[in-house]
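The values are calculated or read from the model by the stated rules, or taken from the named source; none is laboratory data. Here the structure is a predicted model, which means the values were calculated and not measured. Positions of Cβ are backbone-derived with ideal geometry, glycine not excepted, and every protein chain shown enters the neighbour counts.
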Amino acid sequence: MKRILPFVILCVLTLLLAGLFACSDRDAVPANSGTITDPTSEEYDPTLDPEPHEEKKLILYLGDSIGEGLAGPSPLSERENYAFYGVVGNINGYEFYDRAVTGYTSSDLAAFVMREDDGVNRVKTLLSTADIIHISILGNDFLNSNHREMFLRLAEDNYDLIAARQIVAKENLEKIFARIRELNPNAVIIIQTLYNPAGEDCPLISARTAAQLSQRGVEPQDYHELMDKMIVSINRILTDYLEEHTEVDASGKEIAPFELVDVYSAFEEVYRSDYTRWRSYFCDDGIHTRSEGHALIAECLQTKLTALGLAENSALTRYKEIRCAQLDRLYASIEGKDAARSSISSATSFRAVTERYFDSIKGYVPHYDTQPTRKGEHFKETKVFTLTYLTLGGTELIKYVDAKNATITFSPDGSYALYIPVSELLVAIATTLLENGGIDLADYAYLDYAPMYFTDIAPGVEKDDLLGVIRALKEWYLLEIDGLDIESEALKEICDHYRESGEIILKGEGLIAKTVALKSTGTYVLEKVSGLDGKEYTAIYVNNQVGSGEPFIRYTYSEDTYFEDVRMTIDVIDLEVEGTIEKEWE
């Protein structure tokens with residue numbers, strides 16, 4: 001089955017991820033209407049109208065999923081105001097870019113910093129011109145493979161696996177810092193320590209591992225201490241590196257290779273003083289931080305930037321404004337909103353703003369009444385690009401597409417649509433399988449993790465409500481499977497079975513039409529960006545979110561005498577999409 005239906009399964013998952021960053025169009029401000037700039041208006045969003053600065057500092061974020069901020073912020077269309085990279089970037093008025101990639105190890109990052117510019121992603125350019133480079137890394141070096149065996153060894157105070165991976169991680173750090181310093185000797189490099197996410201119900205410890213740990217005298221109440229052995233060992237890589245590579249100049253001043261942000265201690269403080277709040281910091285996967293956890297990381301980073309003289313003096317005021325704007329935008333009708341707004345505005349510390357905001361929205365479901373959209377340029381005429389290239393994880397998928405009708409469309413009113421119909425042959429095969437035994441999605445292991453994020457992706461929807469998630473993807477993120485009958489009895493039975501068993505088995509007559517397509521819609525703006533060599537690129541930023549940063553979905557647009565082309569890549573799922581328009585010529 002995996003050989004027969006790779007596109008039907010994999011491309012669905014791909015566009016689910018890609019579509020998560022669209023903003024709902026319910027009562028939305030038209031894409032070309034500009035921003036709400038009246039600060040007295042409850043619809044005003046200060047992140048869309050930043051204060052003027054004589055010289056914006058550029059901060060570049062590198063590393064893993066913690067830095068990328070995909071898992072945790074909810075709804076994901078608010079990612080830039082919830083993930084720590086966006087919070088820090090927005091409140092300081094920085095020019096900021098996030099190039100962190102979920103799943104990256106130190107080896108991956110060492111390879112990443114060697115990249116040349118590739119269209120609007122401009123890795124080399126950003127590395128070379130950044131004032132501040134922030135790195136979140138090392139967690140995946142230790143948790144990506146066989147962490148079960150590592151836990152069992154740590155229970156016996158055996159650090160062999162840890163020590164072996166420490167050696168590799170240190171070698172990779174050498175490569176990373178050498179490359180950054182080669183390109184940018186003056187950038188301030190900041191690295192954050194890892195936090196300890198393990199509680200008594202740690203999802204990283206399976207039932208089997210728990211039983212084996214119990215035999216070694218480690219019970220659930222000991223999991224945090226057990227994980228601490230790993231986390232402290234990982235963080236020691238950074239402290240040891242600092243000690244070994246800090247130099248002293250002629251005046252006796254210490255010159256450190258990077259600045260260390262102690263995220264670990266901040267989380268431990270909350271763990272020991274307010275366990276309930278600490279537990280709420282984490283997603284159901286037991287690793288990634290939800291929005292309030294990101295706010296704590298942002299606070300730690302902001303404290304360091306302030307100590308270095310790199311923070312904006314008005315940052316706390318702007319942080320209050322951002323949280324108040326979110327209240328007005330997402331929670332306009334909740335009880336006590338005005339009192340919460342007043343309480344946030346009177347706070348005197350970053351932590352107080354955070355806690356007052358998240359306490360005020362606890363138990364409420366966010367809802368967009370008006371979704372602000374930044375002003376931007378659009379194409380003067382409709383551009384319909386024919387899909388010419390589609391790969392996922394290095395696998396070519398274009399042959400499974402109805403290529404004649406697969407399109408990427410940008411319209412003069414600022415609307416965008418990606419439409420990828422499945423080939424007729426595959427639809428026929430899928431229909432036969434659906435009506436004769438079905439398709440068990442358990443064959444695709446990565447689906448095991450998806451339900452952990454359902455409640456974050458679709459606020460207010462229970463994680464076992466598959467139909468609710470499908471509807472939320474369309475309503476919140478403008479993503480749908482065109483040709484899937486969401487009102488059919490077949491889909492209802494699939495969703496009921498999932499609720500009872502946790503298995504997603506696609507089957508039944510009438511589930512899909514003769515034409516099936518993945519459809520993702522939203523808005524876009526055009527911007528010119530420059531590379532290190534002076535080359536200018538045209539960026540198409542899709543689904544501009546709130547905030548002043550760069551959207552997750554980015555196309556590079558180019559044209560010559562004969563063709564117009566667009567290209568989009570997403571590193572986290574190794575996705576490449578290309579489209580072309582053949583010009584008319586004599």
Q.
Within region 114-133, take every residue that is crowded, with 19+ Cβ neighbours inside 10 Å and of a type in the set (S, T, N, Q) and give me the one that is farthest from Val188 (Cα to Cα).
A. Asn121
Q. Just checking, how many residues over region 191-211 are out of contact with any helix residue (DSSP H, G or I) (no Cβ under 6 Å at 6 or more places or on another chain) and in a helix (DSSP H, G or I)?
A. 4
Q. Part of a helix (DSSP H, G or I) and of a type outside the set (A, V, I, L, M, F, W, C) - does that describe any residue in region 500-520?
A. yes
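So that you can scan it fast, the table gives a plain yes or no per residue for (1) farther than 29 Å from Arg181 by Cα; (2) at pLDDT below 95; (3) in contact with a Pro (Cβ under 8 Å, 6 or more places away or on another chain):
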{"site": "Thr35", "(1), (2), (3)": "yes, yes, yes"}
{"site": "Pro52", "(1), (2), (3)": "yes, yes, no"}
{"site": "Asn92", "(1), (2), (3)": "no, no, no"}
{"site": "Phe112", "(1), (2), (3)": "no, no, no"}
**Q.** Output for region 306-335, where each listed residue is free of Cβ contacts under 8 Å to residues at least 40 places away in the same chain, part of a helix (DSSP H, G or I) and either within 26 Å of Tyr368 (Cβ to Cβ) or of a type in the set (Phe, Trp, Tyr) (or both)
**A.** Thr317, Lys320, Arg323, Cys324, Leu327
Q) Where residues in region 416-440 are crowded, with 18+ Cβ neighbours inside 10 Å and over 20 Å from Glu578 (Cβ atoms), which of them is modelled with the lowest pLDDT? A) Ile439
Q. Checking Gly549 against (1) under 29 Å from the mean Cα position of the chain (by Cα); (2) assigned to a loop (DSSP other than H, G, I, E, B); (3) farther than 30 Å from Asp328 by Cα, which test does it fail?
A. (3)
Q: Mind listing just one residue for me: the one in region 236-267 that is over 14 Å from Phe177 (Cα atoms), hydroxyl-bearing (Ser, Thr, Tyr) and surrounded by fewer than 17 Cβ atoms within 10 Å (Cβ to Cβ) and, of those, nearest to the chain's Cα centre (by Cα)?
A: Ser265
(Q) I'm checking my understanding of the structure. Among residues of region 464-510 that are of a type in the set (Lys, Arg) and more than 20 Å from Val422 (Cα to Cα), which one is modelled with the lowest pLDDT? (A) Arg471
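May I ask you to verify whether Lys519 is over 27 Å from Phe410 (Cβ atoms) and of a type in the set (Lys, Arg)?
It is false that Lys519 is over 27 Å from Phe410 (Cβ atoms) and of a type in the set (Lys, Arg).
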Q: Please work out if Ile494 is among the β-branched types (Val, Ile, Thr) and touching a residue at least 24 places away in the same chain (Cβ under 8 Å).
A: yes
Q | Residues (over 28 Å from Val270 (Cβ atoms) and within 27 Å of the chain's Cα centre (by Cα)) located in region 182-216 | A | Leu183, Asn184, Ala187
Q. Are any of the residues in region 96-108 at pLDDT 95 or above and more than 23 Å from Leu301 (Cβ to Cβ)?
A. yes
Q: Take the residues in region 567-586 that are touching a strand residue (DSSP E or B) at 6+ places or on another chain (Cβ under 7 Å) and not in a strand (DSSP E or B), then tell me which one is surrounded by the most Cβ atoms within 10 Å (Cβ to Cβ).
A: Ile573
Q) In region 79-103, which residues are within 13 Å of the chain's Cα centre (by Cα) and of a type in the set (Phe, Trp, Tyr)? A) Tyr82, Phe84, Tyr85, Tyr97
Q: Determine whether Asp157 is in a helix (DSSP H, G or I), in contact with a Lys or Arg (Cβ under 9 Å, 6 or more places away or on another chain) and of a type outside the set (A, V, I, L, M).
A: no
Q: Report yes if some residue within region 562-580 is without any contact (Cβ under 8 Å) to a residue 40 or more places away in the chain and among the aliphatic types (A, V, I, L, M); otherwise report no.
A: yes
Q: Being β-branched (Val, Ile, Thr), modelled with pLDDT of 95 or more and over 30 Å from Glu116 (Cβ atoms) narrows it down to one of Val218, Val188, so name that one.
A: Val218
